[in-house]
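Colleague: A single structure is presented below for examination.
The values are calculated or read from the model by the stated rules, or taken from the named source; none is laboratory data. Predicted model, so just to flag it, every value in this text is computed and none were measured. Every residue, glycine among them, receives a Cβ derived from its backbone with ideal geometry; neighbour counts consider all protein chains shown.
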Amino acid sequence: MIATLRVSAGLDTNGVIRRRMTNDRFIPAIGAPAAGVWGTSPLQEGAGAVWLNPAPQMIAAAGGQVSLADVAVARERLDRFRSALQALFPADGWNGQIWSPLNLYPLSPGEVPLLVKADSLLPVTGSIKARGGVYELLCHIERLAVDEGLVSDGGDYEILASAGAREKLSCHTVAVASTGNLGFSIGIVARAFGLEAIIHMSFDAKQWKKDRLRALGAEVIEHDCDYTETVGRGREAARLQSHHFIDDEASRELLVGYAVGAEELIGQLRERGIEPTPDAPVVVYLPCGVGGAPGGIAFGLKAHLGPAAVCVFVEPTSSACMFAALEAGEGRPVSVYDLGLRNSTIADGLAVPLASQLVLDTVGSAIDAVVAVPDDEMIVWVRRAWREAQMRLEPSAASALAAVIPFLSRRPDLRDATHVAWATGGSLLPDEEFYPMLGGDVRP
C-alpha cells in the first residue's frame, strides 16, 4: 500500500495559514501566506513555519563551488574503497557499497503518495553521515595511503584493511566536531582503518554516542557549548596539533560526497518508472543542521534535474538557521540567537545555530523552501513511522516526514508530484533511547 498524507488548509483570523492533519488535530500556524515573508513570532513561540523561495535559481553543473565532474570522481573513489570497507565491516554480508533503499511508506489510501529514502539503514553508521563525512575521511585516507606507498593507481584497496596498513595509518589522526552522527560515523570508520580519532562533541550530543566512540578507542572531547562554537574550538585544536579536521561547515569534499546520494536517488526513481519533469517534479524533504548533507544532495538533484527537483530543507523551529539566512536574503549566515530562538531541540543532529556559508554559496539561491518543525511534531512522526512502517527513526530523520503536510498546505499545486522524505538516521538508536519516545505505542 502506498503512503498517503491528507492535507487541508485554511486561514485563521489573522490571515495565517493553518493546517489540519489526518487526525483532525489543529497544529500551530506555519507562516504567512506571501512567499518569502515571515515573522519571527511563530518560531519564537515554538510553532512551525514555512519559508518559500519566490524565485529559485538554477545551479550550474560546472564552474561553481562544486561540479558534476567532482561528483563523478567521488563515485569512482567510493567504488575503489568498496573492497576495503567490505573487509573491515563484514557483518551481514555487506558489499562495501554506501547505498540505501527507496521504500514506499505504508499508510491508508489518501491523496499524497510518499517514498522514503532510508539512509537510517545505511551500513555501519546508520545515518546519512556515511555519505559526506565518511567520504571526506576516505579522501584523506587515500592521500595518506598513496604517500605511505600502500596503494597505487589501479591497485586493490582491500590492502588497506590489512594489519600492516592499519599499523602504518595509526600514526595519523583525524578530528571532527559534531552534535552526534557525524562524529559517530567518522570515529567508527577512522578507527577501523587504524587512524586515531578525536571527536569534539557539543553539549547536546547524546551520551550513548560518546560511550560507543570511547569503546572503539576514539578520544571524545566534550564541550560546554553549541555546535558552532564546538566546530571553532575543534578546528583550532586540529590546526595547532597538525591533525586533519573534517569540517562540516566548510568542506567541499564532504559536500561532494553527499551529492553522490542525489544520483543514487535519481537512479532509484527511474527504476520505478519515475522521470521527474518541471510539470511533474520530485519534491525531496531534507533534514538540515549546518546544511552539508542537504546542500550536497540539493546540488546533485538541481544540477541533474533543474526545476524538475524541488528541494525542501527541514529544521527544528528553535534551530532554524537556514530558514533565518534565506529569509534575510543577504547570502550569509544569520544566528538563530539573534532572532530570539534558543537552539534547543530534541533533534540533536539538527541543533545548529548558524548555517554553512559554503552551502549558502553553493545552493542557497536554489533551495525551494524551508520548513521549521516543532519538536512535538517530530515525536509524532517517530511514533507514526514505527507504528505504521516499523521504521526506527530518530527525531532528526522524522522531521522530513513531519514537513510534508505543512509544505503542501503552502504549495497545494505540488500535491501530485513525487514526494520523497530523506530519513537520515535512527536504526542504531539503543532501545533505552528509542522506546521512551514511543510513549504508549506498542513495542516489540
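Colleague: Among the residues in the range 79-92, are any modelled with pLDDT under 95, in a loop (DSSP other than H, G, I, E, B) and of a type in the set (A, V, I, L, M)?
Modeller: Within the range 79-92, none of the residues are modelled with pLDDT under 95, in a loop (DSSP other than H, G, I, E, B) and of a type in the set (A, V, I, L, M).
Colleague: Condition first: at negative phi and either modelled with pLDDT of 95 or more or outside any helix (DSSP H, G or I) (or both). Now tell me which residues in the range 338-349 satisfy that.
Modeller: Leu341, Arg342, Ser344, Thr345, Ile346, Ala347
Colleague: Show the residue pairs meeting these rules: Cβ distance below 8 Å; 6+ apart or different chains; first residue within the range 354-379 and free of Cβ contacts under 8 Å to residues at least 40 places away in the same chain; second residue surrounded by fewer than 21 Cβ atoms within 10 Å (Cβ to Cβ) and in a loop (DSSP other than H, G, I, E, B).
Modeller: Gly364/Gly331
Colleague: Related question: Show the residue pairs meeting these rules: Cβ distance below 8 Å; 6+ apart or different chains; first residue within the range 67-78 and under 18 Å from Asp361 (Cβ atoms) and in contact (Cβ under 8 Å) with a residue 40 or more places away in the chain; second residue part of a helix (DSSP H, G or I) and among the basic types (Lys, Arg).
Modeller: Within 8 Å, the pairs are Asp70/Arg252.
Colleague: Considering the range 349-366 alone, what residues qualify as being buried (at least 24 other Cβ atoms within 10 Å of the Cβ) and either acidic (Asp, Glu) or in contact with a Cys (Cβ under 8 Å, 6 or more places away or on another chain) (or both)?
Modeller: Within the range 349-366, Leu350, Val352, Pro353, Leu354, Ala355, Val363 meet the criteria.
Colleague: Hey, another quick one. On the basis of being at pLDDT below 95 and in the same structural domain as Gly296 (by TED's automatic domain parsing), does Glu432 make the cut?
Modeller: When the stated conditions are applied, Glu432 passes them.
Colleague: Can you find, within the range 66-113, the residue that is nearest to Glu142 (Cα to Cα) among those that are among the basic types (Lys, Arg) and under 22 Å from the mean Cα position of the chain (by Cα)?
Modeller: Restricting to residues being among the basic types (Lys, Arg) and under 22 Å from the mean Cα position of the chain (by Cα), the top hit is Arg77.
Colleague: Taking the condition of being closer than 15 Å to Gly257 by Cβ and part of a helix (DSSP H, G or I), how many residues in the range 108-142 meet it?
Modeller: Final tally of qualifying residues: 15.
Colleague: Still on this structure: Regarding the range 137-147, can at least one residue be identified that is in contact with a His (Cβ under 7 Å, 6 or more places away or on another chain), of a type in the set (A, V, I, L, M) and modelled with pLDDT of 95 or more?
Modeller: Looking for residues that are in contact with a His (Cβ under 7 Å, 6 or more places away or on another chain), of a type in the set (A, V, I, L, M) and modelled with pLDDT of 95 or more, one finds at least one in the range 137-147, hence yes.
Colleague: Now for a different question. Being free of Cβ contacts under 8 Å to residues at least 60 places away in the same chain, over 21 Å from Glu394 (Cβ atoms) and surrounded by fewer than 24 Cβ atoms within 10 Å (Cβ to Cβ): is that true of Leu305 here?
Modeller: So Leu305 fits the description; yes.
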